[in-house]
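See structure below.
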Amino acid sequence: MKVIIVGCGKIGATLTARMAKEEHDVIVIDNDPAVLKEITERHDVIGFCGNATSYDSLTEAGVAGCDLFIAVTGSDEFNMLSCFVARKIGAKHTVARVRNSEYNNDGFHYMMEQLELSMSVNPELMMAQAIFNILKLPSVAKVETFSDRRQELVEVVLRQGSPLDGMTLSDIRKKFPGKYLVAVIRHGEEVHIPSGHSVLHGGDHIALISATPDMHRILKMLGLVQKQVRDVMVLGASTTSYYLARLLIGAGNSVKIIEKNPERCEEVCERLSGATVIQGDCMHQDLLAEEGLDKMDAVVALTGRDEENILISFYAMSQGVGKVVSKVNQDELGALSEKLGLDSILSPKVIISDVLAQYARALENSEGSKVETLYSLMNGAAEALEFNVLSDFPFANIPLRDLTLTGGTLLAAITRGSACIIPGGDDVILPGDRVVIVAAGISVYDLEDIFRRK
């Protein structure tokens, strides 16, 4: 599939790497030749230097034959105009990054129709929603949802001394019966799809899936539950912080925001009611102590610098804060921080990359079983995909015991109407079902590709 990406910032560069890895034909457009040189040397993509709102530039870049056009520069208006021009030239599908909250209301849907936008993505809002999901289940490092939030998949770090340490999955199922499934295990650098004989160890990362209403009870049963979050301190008054504070206040949480820039403090105060906004440097320990950091249930570090977020997070952990979430954009810093003990590290560029990779796969396989949802797990070493099962699915109504799956894959869940099924050998897949597949080490593009008759 031919994909054109406009803007080579953090999100654009991550998206370019992902689309190149997915083996799409990728063209990147930017007005900075140095940035283009760096990205084309790193990935097997074509670079085009020019103005992505110019008819002549977009025509020369080959937009007329483009399957997917994605504009992710720092300007909402530039992105929308670029997509509009691309659509008029002949791009089949267009996606714009739109950050401003004023564009994310009911009136924006009318604008999308007029601009013929296929999709808009708001990294900051998606990031805030991801953090909010984690704070609802503070014992987990990451939360992903499927089937209109009927199913949840969570990543959990197994603490040393956990009651599950040293147990096989089959023994865990016998001791703690329920409708859940351990779908992926990461032990050190090794990530694999487990079997009943797999043994859990302290320090392992595990991905657990169940019906959303059951998840808290299952985590509690497995001894993986922390205290529920009520009082939250957010460090940095970024756009993500604003969206997150709105979600938390709406859920009845107490929110305190600390921001160094006085103008930004005033702006947030005017737009956000129900939160306490403190003007000050969140790197000053005395200020954090005065504002009751050690009494907080959760701290979320959302400043504009990865290093600050990491240092503040470790300090909050040292003060006994039960849940700490950090925004870290640099992959190397994120991996290092995780090894040192930070378990909830998120990046907007990864969230957007997942969403658009999912969209591209759905377009590419529009005639087959459609990819409805796609998430990266275990720092990209595994994926969870949700497929909508179509009427011509060749393995429908066959008991799962009579089927085998490609190595490195697992059938994790089935949603049928309002029923959430953790599948066993007697279950079958039916047209209209939504099916969650977890894959480690391979990429899955079509549901039927991973099944075989025994």
Problem set entry | Tally of residues being within 18 Å of L135 (Cα to Cα), more than 20 Å from the chain's Cα centre (by Cα) and in contact (Cβ under 8 Å) with a residue 12 or more places away in the chain across the stretch 165-216 | 2
Seminar exercise, completed: Conditions (1) within 22 Å of Q151 (Cβ to Cβ); (2) among the aliphatic types (A, V, I, L, M); (3) under 23 Å from the mean Cα position of the chain (by Cα); (4) open to solvent by 40 Å² or more (accessible area, probe 1.4 Å) -> L333 fails only (1)
For this session: Taking L405 as the residue in question, decide whether it is without any contact (Cβ under 8 Å) to a residue 60 or more places away in the chain, in contact with a strand residue (DSSP E or B) (Cβ under 9 Å, 6 or more places away or on another chain) and surrounded by 19 or more Cβ atoms within 10 Å (Cβ to Cβ).
Result: no
Problem set entry | Selection from the stretch 297-330 of residues that are under 22 Å from N133 (Cα atoms) and open to solvent by 40 Å² or more (accessible area, probe 1.4 Å) | G304, F314, M317, G320, G322
Problem set entry | Checklist (1) within 23 Å of the chain's Cα centre (by Cα); (2) buried (at least 17 other Cβ atoms within 10 Å of the Cβ); (3) closer than 30 Å to K179 by Cβ applied to S238, failing item | (3)
Problem set entry | Listing of strands (runs of 3 or more DSSP E) fully contained in the stretch 88-180 that carry 1 or more residues being more than 26 Å from L377 (Cβ to Cβ) | 93-97
Exercise. Does G441 count as within 30 Å of L158 (Cβ to Cβ), surrounded by fewer than 17 Cβ atoms within 10 Å (Cβ to Cβ) and touching a Gly at 6+ places or on another chain (Cβ under 7 Å)?
Worked result: yes
Problem set entry | the stretch 250-262 - residue that is part of a loop (DSSP other than H, G, I, E, B) and not charged (D, E, K, R) and, of those, surrounded by the most Cβ atoms within 10 Å (Cβ to Cβ) | N253
Exercise. Which numbered condition trips up L405, out of (1) out of contact with any helix residue (DSSP H, G or I) (no Cβ under 8 Å at 6 or more places or on another chain); (2) of a type outside the set (S, T, N, Q); (3) closer than 16 Å to V436 by Cβ?
Worked result: (1)
Exercise. Among the numbered criteria (1) in a loop (DSSP other than H, G, I, E, B); (2) at pLDDT 95 or above; (3) open to solvent by 10 Å² or more (accessible area, probe 1.4 Å), which single criterion is violated by L247?
Worked result: (1)
For this session: Answer yes or no as to whether A91 is of a type outside the set (D, E, K, R), closer than 17 Å to I27 by Cα and touching a Phe, Trp or Tyr at 6+ places or on another chain (Cβ under 9 Å).
Result: yes
Exercise. Just checking, which of V225, V234, V229 is part of a strand (DSSP E or B) and under 29 Å from I312 (Cα atoms)?
Worked result: V234
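The values are calculated or read from the model by the stated rules, or taken from the named source; none is laboratory data. The structure displayed is predicted, hence computed values, not measured ones. Note: ideal-geometry Cβ built from the backbone for every residue, glycine included; neighbour counts use all protein chains shown. Heads up: the accessible areas ignore ligands, DNA and RNA and are worked out on the full protein's heavy atoms, side chains in. Shrake-Rupley method; radii C 1.70, N 1.55, O 1.52, S 1.80 Å.
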